Structure formats: structure tokens, C-alpha cells
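Enquirer: This is the structure I have questions about; it appears just below.
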Amino acid sequence: MAITLHRRQPERPLAVTDADQPLVIEARSPAAVWWRTYVHNLRLLRNGAVAWIVGLAGISWGVAVTFEDRYATPEELAAFAEFEGVPAFEALLGRLVGLTTLEGGVLSRWGIFGVLAAIWGMLAAVRLLRRAEEAGHLEPLRAGAVSARGLLSSALAAMATVFALFAVAIGATHTAAGMDAATSWALGGAAALVAATFAAAGALASQLTPSHRRATGLVGIFLGLALAVRIVAAASATPEWVWWATPLGWLGFLHELDQARTAVFLAYLGLLAVLVAVTYLLADRDLHAGRLAAGTDVVTGARRPVTGQLDLAIRLTAGPARTWGLVAGLVALGFGLLARDFSVAVADLETMAELTAMLGYPAMDTPEGALGFAFSWVGIVLAVFAAGQVVAVRDEEATWRIEHLLVRPLGRIRWLVTRIVVAAAAIVLAALVAGVLGWLGTALVGAPVAFTDGLLAGINMIPIAWLALGVGVAVVGLAPRLTAPVTYALVVGAYLLDFVGGMLELPEAVLDLSPFRHLAAVPAADVNVGAALVMVAVGLAGVVVGAAAFRRRDLKEA
Amino acid sequence: MATSIPVVRFDETSKHFGEVVALDKLTLEVGEGEIVGLLGPNGAGKTTTLRTLLGLMKPTSGRAEIFGLDAWSDPIAAHRQLAYIPGEFHVWPQLTGGQILDLLGAVSGGYDAAYRDELVERFNFDPSKKGRSYSKGNRQKIAIIAALMTRAPLLVMDEPSSGLDPLMEATFQDCLRAAKARGQTILLSSHILSEVEAVCDRVAVLRQGVLVEHGTLADLRHLHAHTVEATYVGQPPILDDVAGIEDVYVQDGVIRLQVTGSTDPLLKALAEAEVPSLQMREPSLEELFHAFYDESEDVPAGTAG
């Protein structure tokens, strides 16, 4: 072996000797420091914001430009307008007004798009304000010349900036698409305010708990409650003012027929101001702490030992499975409770046939048909849970915790398959719970479907969630750093393709790409066994491809 | 001897990340019962070396073996015989320290429970807290205890004692010595030179992914410059023609210089003058590393003075 010898160097002076330097090199003004953190936060938001703005504003713009082709004849328009005031439709879509107008048609989609904007807002806020702190990114910033509240306000300002761009994107594109300018800009402003309101709720939750998961859970509960109130507001027996009891309801008053835009904006701005003020008050806290008592971190007494990696997988899955199972169950229960109301209202429609043809759901004048129509929501909930599990699996790798297991005699494939099998089992449990609660809902209002029919409606949603799981595993194997964006985008994209694709006049071949389109309206229809088998097969193929790729590649940090 | 399988063997192992060569044709063997220190400046490729050995990364070319088993294609069998301490231990925030030890013990396939309890006590570790609440040093103790309690024949460590306080560092070195006495093989990357000096039989120095030095500490010392300090009275000795010396300082009755290789020419030259005191010492490990790590050779010298 060649030995290299290195000559000892004499002491070298540093390039800049510090004796003659002033103590403060560059006295930055507080405003300059704040501006720098604002720009930093803006950069963190950028990619997600581009995707959300292009996605939401783009799809809504698509609805606007295709509206007249879609409802070309007065008969078609009249059939569409019959949705107005039908409780189950309004429970799904939000308050429906002026459906014979272009503006009404576009606004009718924002009951759902608004929920998506709210999800964007809450995720962005928790990521910026709690996840970054948990990961240790805020510590060096807070050691700089900026206070906790300064950091908070810079993050809020950055979010306000992207939401303002969101408003402009909607206002400009919808005006260009031929929609009334005042309605376009009102929609843009209100959509941005929905995102901002839930971002403020996320910012508040981020002050309350020390973990980003719990913060997401808290603001998720807030979103769930807001949605639940809107569903209640849709019921025929509920007084009109209940629409005003939820921030998701306010979006339903944007049509000029309501003459309520000022009230809508005042409501959003008022709630936003309260949330921001409380957040600001609570932000002056310890780093890594939450305002809610977090319970003790010291565990006294015996704890059940973790017996191995299967046990670990079950423990890591149990928490999210409970939360998402509960959400799926409540959705199913809610639609079960509405099923009778819905089927009676549909039976009264003169355009029953057109309606059924338009939506592609059979027997909507029966509780079974109503349940079948509504259960696709259970499907999206389960698919999102599946995507979340895939992201959690990737997270074990990104945080390098997986190293502790894989340097031991545990194969990568066994580790991965264990996690996925546990997640798949959790999906089955959640689907069964949803099925039972869907049945329970119909039984409680005196229009029961058969118990086995309820169960079957739940079971029918298992393949699509497994599909999401399997495709997600393929992403983990092939493009690990893109796991979260790609997996969530595939799930939400597939759902939106089914939900708005028809309105966008897309070719059937494109629409058929969405697996949601192939879900049969069980229990009113039989399970689409062929589609279910294809979904399971594609999911399995995804697992095989993903596991093989995962076995062959380097572990990758975040 | 020809049939004995080295515990660790790198055979022209390279790892590239795109254009970046993180590890360039590393060839290195570690025999049974040996303690080898892996040294090098930040970013030299130490962690990449260890992750390649652990089968967490696939070598771009060449191979890494553990007890003759390929680290990449046969990780499960290879890992039955090793334990690993990472330099930074990311915990499951919701599990307690005790639960993490249970889990890692279970996944390891077996461990010495009595030794685990002893280690928990010796490291003064409280296993009842949730993972998220441990400090860096305490998280590192989990990694150390989880690895040592398996009594695996091979211990691989990547800056294992980072974050430990000096007392715990001493405890850790005791454990290393005990492992060495039991005949466990250790491959250790570290910046703590006293740790390396205390336990390592051999050191390998990486720089920019290349193995630049390799040998026992005594060899390395011998090959490097010794520091000579002497005093003189009257006329200074004439050192101009002495071979193997550098960094010479002769003034006001004091001589300081570095000598490499034989000291005979220097001693003869010094004998020409009146030299009442003479001290010669081996380079300290720290001085050796200054020499190893110093990349100023690649830079034109122009900063002297």
C-alpha cells in the first residue's frame, strides 16, 4: 500500500482575521429578517400551491367552459335543476341555487371543491407550523433574530399570498370562461377564504398539540364537524339558518339570486380574524410544546412489550385506522340516516329517468339505491386512508427509522409486506364498520336495508382501497421521494375524474380510467366482480412491482 | 490461513450517487477479533461505507461481504451475525425506550436479557419514557444498548458515542474493551480519537471516498514525522544539509523541527553544537489526523507567514 505523507503546514491565518471586525457584521432590520422568513415559507409552499391552484381552478374552469354543451337542451337543464332542494344531493354537494344558470352550475361543484380547498389549507398550515417544528427546522430559525410570533406571522402571510393567487386564478379563468365577472371574483375570494379559514384552524391546532399528526387530527375533526353540520342543514326538516352555522355552508350563498355575498365575506373574515387572533395569542409558547396538556411522556407501570415487527406494524397502523374507520363509519351512518329522505325525494322527481341516466346509478328511489349512491364517499375515505398508510410506510424510511429494523435479520420485503398486509386488514375492518353503520342509519329512520346489504355495500369498497394501497407501494418502490404527492394525487385525481369528468365532456375511454367509475352501486346493484378482481389484481401487481423495486434500490432519506 | 474467511471484506467496493463518487474501489478486510477504526473528515464516505456493508445501499461496483456472505444479496443471513449502532438514532416517538429495546431485541432474533439490564443500569438509562422525549444522548444510549445486548460476533458502529457525556463515553469505551476481550470483531467509524486510540488495532483513513492510509497505529506513527524540540547554547547547529527535516525553527537558543525517517543525520548535526536538552516525541493521534485530513497539498501554498 502506498503511504502518502503530508507535510505539516505552518499555522495559517484565517482569510479574514476577526480582531478588526465589528461584533455585528450586518445589522439586519427586524423587517428584513421577517421578510427573509416570509420568503422561506413561500418557497416551502410553492410546489404544493401550484398543484392545488392549477388543479382546483383548472377543474372548475373546465366545468364552466363545458356547461353549455353538457346541458344543451332545456330538458337537460330542467332535469339538472331538479337537484335543487333535494336533501341528499345538497348533503353531498352543498346548497344548490340557480342551477339553470352557468353560475349556478359551477357553484354547485364548489360544495365539494370547497372541502378540497379546506383540506389544502389545513395541511399547508400544519406542515408549515407544526411539522417543521417537530422535524427541528424551526429551531435554527427561532435562534435567529425573529420571535415565535414573527415566525408565525411570516408563515400566515406566505399562506395568505398563495391563497390570494388562488382567488385571482379562479376569478380570471372563470371570467374568461364566460361566467359573470362579479360571480367569478366572488367565487375566487370565497374559495380563497375557505382555504384561509381552515389554514387558520390548522395554525391554531398547531399551537395546541406538540405533534403534527394530532394537529392534523384536531383540524380534521373541525372539518368533519363543519361537513356534518352542512349535511344536517340539507335535511328537509332543518331550518334555513343552519346553513350559516358552518363555514362550508357559506359557500352556498354566492349566487346572485341570494344577494348574500357581503354576508358571506363578512362571515369568513370574522371567523378568520378570530382564529388568527387566538392563534397569535397562543403562539408565544415553548418550542416543541403544545397548549393542550399533552399527558405525561413518562410511562409508569408495566407496558405490554412490542413483540416484533408485526406487533409494531399493528401499533403504528392502529391510530390512523381508528380515526379513518370512524370517519368512514360516520359518513356511512350519515348517509344511512338520509337514505329514506333521499329516496322519497327522488321518487317525487318528474325527471327520475334522466336523473338516473345522468348519474348512472340505479334504483335511486329506494333506500338501497340511495345507499349505493352515497357509499362512493366511503370508498374515497378508505382510499385516502390507504394512501396515508403508504405515506406512513415511506415515512419510516425517510426518517431512517427503518434502518434499526433492516440492519437486523429482517428482510426488506418481509418488513414491507407486513406493513401492507396490516393496512389491508385495517381497510377490511373499516369497510365492515362502514357497512354496519350504513345499515344502522337506515334502520334508525325506519327504512332498513337488509343487514347483509349494508355489509355488502361496505365490502364493495375494499377493492378500490386495496388498489390505492398497491399502486402506492409501487410508487414507494419506484419513486420513493414522490410517494406522498403522487399517491394522494392519484387517489384524488381518480375521484375527481369520476366526479367531474362527465361534466367536462371527456371521452368515455378517459373516464373509464377512474376506478371509481367501475364501482357498482351496491346494494342496489350487484358487485361488479370483474372490476373488483381487476382492482385487486392491479393492486397486487403494484405490491409486487413496488416490493421488487424496493428490494433493489438504496434506502433514501427524505 | 488461506481458508479462514474474513469477518468483513470490501472488494473494490465503489458507490456513486449520480456523478458523485462517494466510495472509490475500497478494498479492506477485517479479521476475527480485530478492532478497526474507520476515520476521515466529514463527507469522506464513512457512512456510505458502512451502509453498503449493511446492505442498505447497493455497491455501484465491487462487493462487500460479512462472514463471506454478500451484504447486498444475502442481508438476512449476514445480519444474524452483526449488530449496528448508527450515529443518529431516530426513535418511534410513540414507543417508550423499553418498548423500542423489546422490539429491536425481538427483530434481532435473540439477545442476552441479563446483559441488557446491566447495560441499562450502566448507562443510567430510563426506559420508561416515550421516544419523543429523549435527548440526543439518551436516544444514542438506546442504539448502543440494543446493539451490545445481542452480543453479536460483529459490531458495526457509525460514530456510536456522539452525544454521550464524558462519563457515558468512558462507560462506552469500557464496553468496547469488554467486547474486544470477548473476541467480538468491531468496525468503528469515529471522530473521537481517544476512543480510537483506546480500542483500535488498526485504522483505515478515507478521504473523498478513497482509502488513503491503512495500518496499525504504531505503523502510522512510525511513518510520520516526529517532533523534535531542543535547546542550544552559543552557535546554532547547522541543519541545512540534514535529510528528512522540515518546519525548522532555530532561534534564540530554541530548536523546533519535524523529522521523518531515520534520525541519525539529525543527531549527528546536532552533536556539532552544544545541546543541553533534547526532546523527541511521536506525533499525537491528533497531529496524525491533521496530516491525514489536510487537503492543503492540493492548494498552492501561499499563506505562510
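Enquirer: Would you please give the residues with an amide H less than 5 Å from that of B:THR96, counting only those at least 5 places away or on a separate chain, with H modeled from the backbone geometry?
Expert: Those lying under 5 Å, H to H, from B:THR96 are B:GLY131.
Enquirer: Let me ask something additional. Taking +1 at the Cβ of each Lys and Arg and -1 at the Cβ of each Asp and Glu, which of A:PRO367, A:LEU337, A:LEU478 sits farthest along the dipole of segment A:305-552 towards its positive end, judged by Cα position relative to the Cα centre?
Expert: Selected residue: A:LEU478.
Enquirer: Treating only the Cβ atoms of Lys and Arg (+1) and Asp and Glu (-1) as charged, compute the dipole magnitude of segment A:111-292 about its Cα centre; round to the nearest 20 debye. List each step's numbers first, then the result.
Expert: On the way: 11 positive and 9 negative charges, 102 e Å.
It works out to roughly 480 debye.
Enquirer: For the interface of chains A and B, what total accessible area is buried with a 1.4 Å probe, rounded to the nearest 100 Å²?
Expert: On the way: alone 26220 and 15600 Å², together 37050 Å².
Result for this pair: about 4800 Å² buried.
Enquirer: What aspartates and glutamates sit close enough to B:LYS268 to cross-link, taking a C-alpha to C-alpha distance under 13 Å and skipping anything fewer than 8 places away on the same chain?
Expert: The reachable aspartates and glutamates, counting only those whose Cα sits under 13 Å from B:LYS268, are B:ASP240, B:ASP241.
Enquirer: Quick one: net charge of A:PRO320's neighbours, Cβ under 13 Å, K/R +1, D/E -1?
Expert: On the way: positive: A:ARG213, A:ARG214, A:ARG315, A:ARG322, A:ARG419; negative: A:ASP395.
Net charge around A:PRO320: +4.
Enquirer: Through the Karplus equation 6.51 cos²θ - 1.76 cosθ + 1.60, θ set to phi - 60°, convert the phi angles of segment A:540-546 into ³J(HN,Hα) values in whole Hz; use x for Gly and Pro.
Expert: 4, 4, x, 5, 5, 4, x
Enquirer: Which cross-chain or sequence-distant (5 or more) residues have an amide H under 5 Å from the amide H of B:GLU213, H modelled 1.01 Å from N in plane?
Expert: B:VAL205
Enquirer: Also, I was wondering about something else. For the cross-link pairs A:LYS556/B:LYS141; B:LYS130/B:LYS180; B:LYS25/B:LYS136; B:LYS46/B:LYS180; B:LYS46/B:LYS136; A:LYS556/B:LYS46, which exceed 27 Å when the distance is taken from alpha carbon to alpha carbon? Working shown, then result.
Expert: Working: A:LYS556/B:LYS141 25 Å; B:LYS130/B:LYS180 33 Å; B:LYS25/B:LYS136 34 Å; B:LYS46/B:LYS180 22 Å; B:LYS46/B:LYS136 21 Å; A:LYS556/B:LYS46 17 Å.
B:LYS130/B:LYS180; B:LYS25/B:LYS136, as the Cα separations exceed 27 Å there.
Enquirer: Please report the carbon-and-sulfur percent of the accessible area for the protein assembly as shown; probe 1.4 Å, protein heavy atoms only, DNA, RNA and ligands left out. Mind dumping the intermediate values first?
Expert: On the way: 22570 of 37050 Å².
Roughly 61 percent of what the probe reaches on the protein assembly as shown is carbon or sulfur.
Enquirer: Are there GluC sites (Glu not before Pro) in segment B:223-293 that DSSP marks as loop and that have at most 15 other Cβ atoms within 10 Å, and which are they?
Expert: Values: sites: B:GLU229, B:GLU246, B:GLU272, B:GLU274, B:GLU286, B:GLU287; in loops: B:GLU272.
Listed in order of number, the matching sites are B:GLU272.
Enquirer: A further question on this structure: Stokes-Einstein D for segment A:33-82 at 37 °C, 0.692 mPa s, Kirkwood Rh over Cα pairs, in µm²/s?
Expert: Working: Rh = 13.9 Å.
For these conditions, the coefficient is 236 µm²/s.
Enquirer: Please list, ordered by chain and number, the residues whose modelled amide H lies under 5 Å from the amide H of B:TRP72; skip anything fewer than 5 residues away on the same chain.
Expert: Amide H neighbours of B:TRP72: B:ALA64.
Enquirer: Find which of B:HIS90, B:VAL203, B:VAL228 sits farthest along the positive direction of the dipole of chain B, computed with +1 on the beta-carbon of Lys and Arg, -1 on that of Asp and Glu, about the Cα centre.
Expert: Of the listed residues, the answer is B:HIS90.
Enquirer: If you count only protein heavy atoms with a 1.4 Å probe, what accessible area per residue comes out for chain A, rounded to a whole Å²? List each step's numbers first, then the result.
Expert: Working: 23760 Å² over 558 residues.
I get 43 Å² per residue for chain A.
Enquirer: Put +1 on the Cβ of each Lys and Arg and -1 on the Cβ of each Asp and Glu in segment A:111-292; which of A:ALA167, A:ALA145, A:PHE198 then has its Cα farthest toward the positive end of the dipole?
Expert: A:ALA145
Enquirer: Projected area of chain B, taken from the Cα convex hull and averaged over every viewing direction, in nm²? Don't skip to the answer; put the middle values down first.
Expert: Details: hull surface 82.7 nm².
Projected over every direction and averaged, the Cα hull of chain B covers 20.7 nm².
Enquirer: On to the next question. Any idea what the dipole of the protein assembly as shown comes to, in debye rounded to 20, about its Cα centre with Lys/Arg Cβ at +1 and Asp/Glu Cβ at -1?
Expert: Working: 64 positive and 84 negative charges, 342 e Å.
Its charge dipole is roughly 1640 debye.
Enquirer: Using only Cα atoms, what Kirkwood radius does chain A have, in angstroms?
Expert: Numbers: mean 1/r = 0.0392 Å⁻¹.
That comes to 25.5 Å for chain A.
Enquirer: Which ³J(HN,Hα) values in Hz, rounded to whole numbers, follow from the phi angles of segment A:483-494 under the Karplus curve 6.51 cos²θ - 1.76 cosθ + 1.60, where θ = phi - 60° and Gly and Pro get x?
Expert: Once θ is set to phi - 60°, the couplings for segment A:483-494 become 3, 5, x, 5, 5, 5, 5, 5, 5, 5, x, 5 Hz.
Enquirer: Treating only the Cβ of Lys, Arg, Asp and Glu as charged (+1, +1, -1, -1), what charge dipole size does segment B:71-141 show about its Cα centre? Round to the nearest 20 debye. Don't skip to the end; give the middle numbers.
Expert: On the way: 9 positive and 8 negative charges, 68 e Å.
Once rounded to the nearest 20, the dipole reads 320 debye.
Enquirer: Which ³J(HN,Hα) values in Hz, rounded to whole numbers, follow from the phi angles of segment B:45-56 under the Karplus curve 6.51 cos²θ - 1.76 cosθ + 1.60, where θ = phi - 60° and Gly and Pro get x?
Expert: With coefficients 6.51, -1.76 and 1.60, one gets x, 5, 5, 4, 4, 5, 5, 5, 5, 8, x, 8 Hz.
Enquirer: List the aspartates and glutamates whose alpha-carbon lies under 13 Å from that of B:LYS15, not counting same-chain residues fewer than 8 positions away?
Expert: Hits, sequence-local ones excluded: A:ASP554, B:ASP24.
Enquirer: While we're on this one: In Å and on Cα atoms, what radius of gyration and Dmax does segment A:305-552 show?
Expert: Rg, Dmax (Cα atoms, Å): 19.2, 68.
The values are calculated or read from the model by the stated rules, or taken from the named source; none is laboratory data. All figures in this text were calculated on a predicted structure; none of them were measured in a lab. With ideal geometry, Cβ positions are generated from the backbone for all residues, glycine too; neighbour counts draw on all protein chains shown. Just so you know, the surface numbers come from the protein's heavy atoms only, side chains and all, with ligands and any DNA or RNA stripped out. Shrake-Rupley method; radii C 1.70, N 1.55, O 1.52, S 1.80 Å.
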